[in-house]
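**Student:** Questions regarding the structure given below will be posed in turn.
The values are calculated or read from the model by the stated rules, or taken from the named source; none is laboratory data. Just so you know, these numbers come straight off a predicted model, no measurement behind them. Neighbour counts are summed over all protein chains in view; Cβ atoms, including those assigned to glycine, are modelled from backbone coordinates with ideal geometry. Accessible surface is based on the protein model in full, side chains and every heavy atom, while ligands, DNA and RNA are left aside. Shrake-Rupley method; radii C 1.70, N 1.55, O 1.52, S 1.80 Å.
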Amino acid sequence: MKLLQLVGVIVCAGLFVSCETTQTAGMGNQERKRLAAIQQQQQEDAQMDESDRNLWNAHQDLLYTGTNPAVSYR
């Protein structure tokens, strides 16, 4: 009986090892959601960068012209 159990364990281990693969089947649903969230965050960061540039340029223009709106722009 012990010999039969040993053979069974060896066969099960062999099946388990033979079924294991290193290749993935493709992108899962969670991975797609994570990738979409990363891309959305990158787009939002790009918009924030543009708004920061606009704020910086407006501040530079204010410093150049002063606080008097009657002064012509450059």
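**Student:** Under a crude label model (7 Å from the Cα following the beta-carbon direction), how far is Gln41 from Ser18 in nanometres?
**Tutor:** For the pair Gln41/Ser18, the computed spacing is 4.4 nm.
**Student:** What accessible area, in Å² to the nearest ten, does a 1.4 Å probe give for Leu35?
**Tutor:** Number for this one is 80 Å².
**Student:** Each residue of segment 4-11 in order: what ³J(HN,Hα) in whole Hz does its phi give by Karplus 6.51 cos²θ - 1.76 cosθ + 1.60, θ = phi - 60°, with x for Gly and Pro?
**Tutor:** 5, 5, 4, 5, x, 5, 5, 5
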